Amino acid sequence: MESAGSDVRLDVVNTGVPGDLTSDMLERFERDVVEQKPNYVIIMGGANDIGWNLEVDQIFLNLKNVFDLAESHRIEPVACAVPSILGFDDLIPPRISLNSMIREEAKRRNLAFVDLFTATADAKTRRLSQRYSGDGLHLNTEGYQRLGEIIFSEWLQKVLDQHAR
């Protein structure tokens, strides 16, 4: 993807694996990310872990280790909040807790943080908006489009603006 009127080139490679746990992300990070030699990596993980009732502290530790690996290879991580869920209200509080931990870690490390939870949740109920999911668990096309818009507006546009200067 090239921005009109600029010499910025953007290649996007999605190495996400449906159903992955944060431990799986950590295990394959070298192969799937480091070997690609990117400048940035967007990290969103933990929803599946929560679904399997893993402890939020362990999920967060795995994500911190992913951030560490990225930074040790001079890859700038972009920390993303886990989106909400619809119809599984007991799984919303651990998401909120994990997202708070991710936000604070991003702040501590001076990393970009993209709040995908707030962008896709109903402000009153904190449930995933029905328009973004057909089954309450997985995002639909409109949900993924919303994620792309938020990642662009909250992070990528700033990166592109810096390169344009």
Response to the item:
Picked from the stretch 107-150 (must be hydroxyl-bearing (Ser, Thr, Tyr) and touching a strand residue (DSSP E or B) at 6+ places or on another chain (Cβ under 8 Å)), the residue surrounded by the fewest Cβ atoms within 10 Å (Cβ to Cβ) is 129
Worksheet item: How many residues are closer than 14 Å to residue 105 by Cβ and touching a helix residue (DSSP H, G or I) at 6+ places or on another chain (Cβ under 8 Å) if we restrict to the stretch 50-68?
Response: 9
Practice prompt. Take the stretch 45-59 and flag every residue that is crowded, with 20+ Cβ neighbours inside 10 Å and touching a Gly at 6+ places or on another chain (Cβ under 8 Å).
Written response: 59
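Yes or no, residue by residue, for (1) aromatic (Phe, Trp, Tyr); (2) modelled with pLDDT of 95 or more:
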{"site": "2", "(1), (2)": "no, no"}
{"site": "39", "(1), (2)": "no, no"}
{"site": "52", "(1), (2)": "yes, yes"}
{"site": "69", "(1), (2)": "no, yes"}
{"site": "72", "(1), (2)": "no, yes"}
{"site": "78", "(1), (2)": "no, yes"}
{"site": "96", "(1), (2)": "no, yes"}
Worksheet item: What pairs can you find where one residue is in the stretch 99-115 and without any contact (Cβ under 8 Å) to a residue 24 or more places away in the chain, the other is of a type in the set (A, V, I, L, M) and surrounded by 14 or more Cβ atoms within 10 Å (Cβ to Cβ), and their Cβ atoms are less than 7 Å apart, with a gap of 6+ or different chains?
Response: 99/81; 99/82
Item to complete: Keeping to the stretch 29-66, report how many residues are among the hydrophobic types (A, V, I, L, M, F, W, C) and either touching a residue at least 60 places away in the same chain (Cβ under 8 Å) or not in a helix (DSSP H, G or I) (or both).
Response: 7
Discussion item. Against the conditions (1) surrounded by fewer than 18 Cβ atoms within 10 Å (Cβ to Cβ); (2) within 22 Å of residue 50 (Cα to Cα), where does residue 153 fall short? Just the number, please.
Written reply: (2)
Discussion item. Looking at the stretch 101-126 only, could you name the residues that are in a helix (DSSP H, G or I), aliphatic (A, V, I, L, M) and under 24 Å from residue 58 (Cβ atoms)?
Written reply: 101, 102, 106, 116
Worksheet item: Looking only at residues in the stretch 103-142 that are charged (D, E, K, R) and farther than 24 Å from residue 40 by Cα, which one is modelled with the lowest pLDDT?
Response: 135
Item to complete: Could you check residue 11 against (1) surrounded by fewer than 15 Cβ atoms within 10 Å (Cβ to Cβ); (2) closer than 22 Å to residue 107 by Cβ and say which number it fails?
Response: (2)
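The values are calculated or read from the model by the stated rules, or taken from the named source; none is laboratory data. Just so we're clear, the structure is a prediction, and the values are computed from it rather than from any experiment. All Cβ positions, glycine included, derive from the backbone under ideal geometry; neighbour counts span all protein chains shown.
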